[in-house]
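Each value in this text was obtained by applying a stated rule to the coordinates, not by laboratory testing. It should be emphasised that the depicted structure is a prediction, and the values quoted were computed from it without experimental measurement. Note: ideal-geometry Cβ built from the backbone for every residue, glycine included; neighbour counts use all protein chains shown.
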Amino acid sequence: MDSPHRPIPGAWDHFSELDLHRLDLAARILARKAAPCRSRDLLVQAGEEMARSAEEASVLTAIAVLIRLSAAAVASADASAEATIREHAARLLEALDDPDDAALVRGWLRHVPWQRVGITTLRRIRRALRRGLSAGPPRVSVSESDGWSDLLDALARTLAVERDKEVWIDAGEGDADPDTLRRRAETTRALLVEGAAMAGLGGRGPTRSTVSSQSGQTVRVSTRIVSVQPGETIGRFTVLDRLGSGAMGAVYSAYDPKLDRKIALKLLHTRSQDNSSRGNTRLLREAQAMARLSHPNVVVVHDVGTHRQDVFLAMEFIRGKTLQAWSEERPRSWQEVVATYRQAGAGLAAAHAAGLVHRDFKPANAMVGEDGRVRVLDFGLCATTTARIEPNLRAGSGAELPLWVGREFVGTPAYMSPEQFRAEVVGAASDQFSFCVALYEALYGQRPFAGETTQSIALSVGYGECGHRRRAPTCRPGCSR
């Protein structure tokens, strides 16, 4: 199918036919969240939203956008849609062959807490949904459907990391010929391009989209770029120089006149989809969570506050290098590596004891000081261990607000845990997974899970497939054993 608009150069040219089938299948699932809602409309809206991004989109990113857009459709749906949702849920239950799967779905619909549902189980449920929706009126009934949207989100999310052959099976529905599949994929591309053509300029101030498909980069959402100049005052601190930027903001060296010392000042980016009040409440809570920690292997936070509409953290100034730079500086014995990483592990354990989860531990987020002491830093993605990524805010006060709004894939793909890829509840085990990946890399000179893109890494992690043959530590030439 030809697009009604002239193709935009470079727009989704990197999406293969299989990638487009993943998006089409996800949109079809998510369109069942509310009525009226069409998969075509979701794809056009996704194309418009992604066209505003300055960086190349990935399938994982596109499905996250579809999930967010479908959540908005649910919020605008009227009460009459409830009957349709219950009918769809009943059809799904009737199509399930495994009683355990049916029990899982019934629990999901009642919002019973769930964790670690395997991709094989989700695949069976996903295919049962397709069979059920094409069948006749259901003979069973459903009384509760509050968790319907969450269930569909999970089913759509599996398509981002599903095996290629399984996606082909779903796309072909058993009998579609190659020409039909190709035309369907091009229809999906045309809908994305149509949305991109509708995208206009806008926004408040300069923005940067930092959703990345690269394995070693942090996956996050668009942020408003914060910039301050040397000599500017933030709180009582005078900015000296810009040191760099991280997942959540820019870091500056600054002078504290009250205590006559040099500090590191981190100014947190405001997320473009948050309103100012809600975003600041969430970020302040995050900063206060860091300030509660007091441990030799966690960076010290001296003060937190707001500057204009942004949140800042005043932290100890560490003279040293990142754990990543330390590992790459020269060959290290495995004893050195283990001893150094043990300190980082102690810092994470202290955070977990305080009820916090880092959510983005990696070698670049820990510093080795000139005194040899390791400090874990950049808790910019931390959350309380009881927090869950929610599609809509239901909190009544700032203290209850989730640290992340919307179901985004947040973290650094090369170090992310399976539950992060699935956007599930994360706990201390998620940080432990990331820590072990980093330690493995430091010992063996390569990461345990192969993949150059977010999608390929997610697939390797989800199936527990180590892509490298393990070698004795350490692998770096010239190191002592």
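In table form, for the structure just shown:
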| read-out | value |
| --- | --- |
| Difference of contour (0.36 nm per residue) and Cα-Cα distance, GLU17 to ALA346 | 113.8 nm |
| Stretchable slack from THR233 to GLU419, in nm (0.36 nm times residue separation minus alpha-carbon distance) | 62.9 nm |
| Förster-model FRET efficiency, 45 Å R0, GLU316 and GLN446, C-beta, rounded to 0.05 | 0.85 |
| Modelled FRET efficiency - R0 60 Å, ARG183 with ALA325, Cβ distances, 0.05 increments | 0.75 |
| Computed E for ALA429/GLN335 - FRET, C-beta separation, R0 25 angstrom, nearest 0.05 | 0.40 |
| Partners for LYS266 among lysines (Cα-Cα distance below 22 Å; same-chain residues under 8 apart left out) | LYS258, LYS321, LYS362 |
| Cα gyration tensor category, rounded, prolate or oblate, for the range 138-182 with a/c compared to 1.5 | oblate |
| Paramagnetic reach from VAL117 in the range 142-174 [backbone N under 12 Å; point 7 Å along Cα→Cβ] | 147-158 |
| ARG139-ALA291 pseudo-label distance in nm [points 7 Å out on the Cα-to-Cβ vector] | 6.3 |
| Furthest towards positive pole of dipole, GLY132, LEU23, ALA154, structure part the range 17-198, Cβ charges | GLY132 |
